[in-house]
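One structure below.
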Amino acid sequence: MLNVVIFGAPGSGKGTQSELIIKEFGLDHISTGEVLRAEIKNKTGLGMIADGYINKGHLVPDDLIIDMLAGVLDSKKNARGLIFDGFPRTIPQAEALKEMLNERATGIAAMLNLEVEEEELINRLLERGRRMGRSDDNPETIKSRLDEYHLKTAPLVEYYKKENLHHAIKGTGTVEAIYEQIKEILSSCRIS
Ligand code: AP5
Ligand code: MG
């Protein structure tokens, strides 16, 4: 399998680049944010709990996310590979992911870190909020999403550097130019 973590702050382009990777490499997409938004729409128990966290711009607790991810992984047993978008977001999530993949005799081939300056992130999210009306794309929630990112998620950069899986990607410029950097890395990835 070719398993990839696409990483970056809110608005860094994880979803946008995932679409291109999926098309070319035939991977299945796991976006924990999208799974949670579907749970909210369907008013499930998990959705009701997650809603409060997402609207405040806070991370949903690790145990809920890890349980949810285990279920999604089991439904993707026959995939050629997986792209993890928005997961892991904390060190405990990264450790749980490593263990879950180990148990399935596979692992992560690369962590792609989309690097974008804060001002650009805020502009992109405000613009999307105006266009698409995603409930967490408003100035107050964007601020707490970015605070959560710096506090709990950014330490994963060091974690994946130690695992020798980290790849820095310049996340500004055209979508195509960003994708070219990703394509080059994935084309030379070891498949486990
Ligand atoms: P999630 O859905 O993962 O949101 P996010 O990380 O805040 O990121 P976004 O989806 O907003 O941005 P993106 O990086 O995908 O960028 P995109 O391609 O859309 O999570 C939402 C919430 O769910 C979290 O806050 C948390 O509460 C909860 N959650 C989810 N996972 C969790 C977990 N593992 N643990 C705990 N809680 C969790 O692009 C953004 C915009 O920019 C778009 O409009 C796009 O068109 C535009 N754009 C993209 N690329 C470019 C470019 N190159 N130039 C100009 N514009 C661009
Ligand atoms: Mg996204």
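The values are calculated or read from the model by the stated rules, or taken from the named source; none is laboratory data. In this text the structure is predicted, and so the values were computed from the model without any measurement. No Cβ is skipped: glycine too gets one built from the backbone with ideal geometry, and neighbour counts run over all protein chains shown. Protein only, heavy atoms only, side chains kept; ligands, DNA and RNA dropped before computing areas. Shrake-Rupley method; radii C 1.70, N 1.55, O 1.52, S 1.80 Å.
The charge dipole of segment 1-159, taken about the Cα centre with unit charges on the Cβ atoms of Lys, Arg (+1) and Asp, Glu (-1), comes to about 540 debye, rounded to the nearest 20. Loop-resident trypsin sites (Lys or Arg not before Pro) (DSSP state other than H, G, I, E or B) in segment 143-192 with no more than 13 further Cβ atoms inside 10 Å of their Cβ: R190. For an R0 of 41 angstrom, estimate the FRET efficiency from the Cβ-Cβ distance between E115 and K77 and round to the nearest 0.05. Computed FRET efficiency for E115 and K77: 0.80. Measuring nothing but protein heavy atoms, the accessible surface of segment 4-185 at 1.4 Å probe radius is 52 percent carbon and sulfur. Entry comment: accessible area of the chain is 52 Å² per residue, from protein heavy atoms only and a probe of 1.4 Å.
Across the chain, C-alpha contacts under 8 Å between residues 6 or more apart give a mean separation that, scaled by the residue count, equals a relative contact order of 35 percent. Taking segment 134-152 and a reference point 7 angstrom along Cα→Cβ of V175, the backbone N atoms nearer than 20 Å belong to 134-135, 137. Cut-off 10 angstrom, C-alpha nodes, Gaussian network model of the chain. Which of L125, L114, L64 fluctuates the most? Greatest mean-square fluctuation among the candidates belongs to L64. In the chain, helices alone account for a calculated mean residue ellipticity at 222 nm of -17000 deg cm²/dmol, with every DSSP H run of four or more residues adding -39,500 (n - 2.57).
FRET efficiency for the M100 to S144 pair, using the beta carbon distance and R₀ = 35 Å, is estimated at 0.80.
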